[in-house]
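The structure appears below as C-alpha cells.
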C-alpha cells in the first residue's frame with residue numbers, strides 16, 4: 001500500500017504512538033484526521049507536522065462517550081468523503097490488582113479501549129465494504145495475547161479487540177484489511193495516565209516503560225505493517241517472545257509471569 005494521498009483517521013493522536021504516527025504519516029503524504037479528548041494537544045500536533053497543514057483536520061472525541069461516536073464517525077467521513085485507513089490508537093491502561101479494582105473503573109477501561117473502538121468501526125466499515133477498499137488498524141498490546149499482574153481489565157479489553165476483529169475479518173470482503181498491532185514496552189506516557197484501583201491516575205512512569213522502545217520506532221514498524229497488509233504484528237523487545245512461550249509452554253509461562261517484573 002502507498003500511504004501518499006490516503007485519508008487516515010487516527011484516534012489517540014495527541015500523544016504516544018498515535019502522535020508519532022501522525023508525524024510519520026504526514027511526512028509520507030497522507031491526509032490526516034486526528035482525534036483525542038485534548039483539543040489543545042491535537043492542534044499542537046498539527047502545528048508540529050512539517051508538510052501541508054491544510055491536509056490535517058482536528059476532530060476531538062471521547063472514546064468513553066460511546067453514544068456520540070456514531071455522529072463523530074459520520075463527521076469524519078464528511079471531511080474527505082471517505083476513510084482509507086482507520087487507526088485505533090486511543091486507549092487507557094491500568095495499574096491495579098484485579099481484586100482491588102472498582103467495577104466502574106474496570107468498566108471505564110472496557111468502554112474506552114473496546115466499546116469506543118467498536119462504535120467507530122461499525123460506522124466506518126460499511127463505507128469501506130461498499131467501496132471494497134479500506135484498512136482498519138487496531139492498536140492492541142502484547143497483553144492482548146496473555147495476561148500479567150496489574151493489568152486485568154486492560155488485558156481483558158485488548159483480548160476482546162482480538163476476538164472482535166478476528167471475527168469481523170472473517171465476515172467481510174478480503175479486500176478490507178484488518179491489522180491488529182501488539183506493542184510491548186513502548187516509551188510513552190501510558191503508565192503515567194494508567195488508572196489505579198479507584199480510577200485515579202498512577203502519575204508515575206514504570207521503569208520497564210521508561211526503558212522501552214521509542215514511540216517513533218514503534219510507529220515506523222506499524223507503518224511497515226500497514227504497507228504490507230499484515231494481520232497481526234508483535235512489536236517490542238524480548239517481551240514479545242512471551243507470546244510464543246505462552247502458546248507452546250503455557251505451564252512454564254505461568255510460573256515465569258508470576259515472578260516477572262512488569263512495571
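Just so you know, all these numbers are worked out from the coordinates, no wet-lab data involved. Small disclaimer: the values here were computed from a predicted structure and weren't measured. Here the Cβ is made from the backbone with ideal geometry for all residues, glycine too, and neighbour counts use every protein chain on show.
Some notes on this structure:
- Distant alpha-carbon pairs in the stretch 5-55 (separation over 16 angstrom), percent: 25 percent
- Folded to 0 to 90 degrees: helix 69-80 orientation relative to the chain principal axis, Cα: 40 degrees
- Solvent-free Debye calculation, one equal scatterer per alpha-carbon of the chain: log10 I(q)/I(0) at 0.08, 0.11 Å⁻¹ equals -0.29, -0.57.
- Each Cα pair under 8 Å and six or more residues apart adds its separation to the average, and for the stretch 158-263 the resulting relative contact order is 29 percent.
- Each Cα pair under 8 Å and six or more residues apart adds its sequence gap; the mean of these over the residue count of the stretch 1-70 is a relative contact order of 30 percent.
- Label-point separation in nm, residue 99 to residue 170, each point 7 Å along Cα→Cβ: 3.6 nm
- Inter-label distance, residue 259 to residue 193: 3.5 nm, where each label sits 7 Å from its Cα along the C-beta direction.
- Summary of packing: across the peptides 19-28, 93-102, 45-54, the per-residue average of other C-beta atoms within 10 Å ranks them, highest first, as 19-28, 93-102, 45-54.
- Cα centroid separation - the stretch 5-41 against the stretch 141-207, whole Å: 19 Å
- Summarising the strand pairing of the chain, around 5 percent of its internal DSSP beta bridges are antiparallel.
- Contact order for the stretch 7-259, expressed relative to its length and based on alpha carbon pairs under 8 Å spaced 6+ residues apart, stands at 19 percent.
- Residue-averaged [θ]222 nm for the chain, counting only DSSP H segments that reach four residues, each worth -39500 (n - 2.57): -13000 deg cm²/dmol
- Virtual spin-label span in nm between residue 248 and residue 78, 7 Å along Cα→Cβ: 5.3 nm
- For the chain, the longest principal axis of the Cα atoms and the long axis of helix 152-171 meet at an angle of about 50 degrees.
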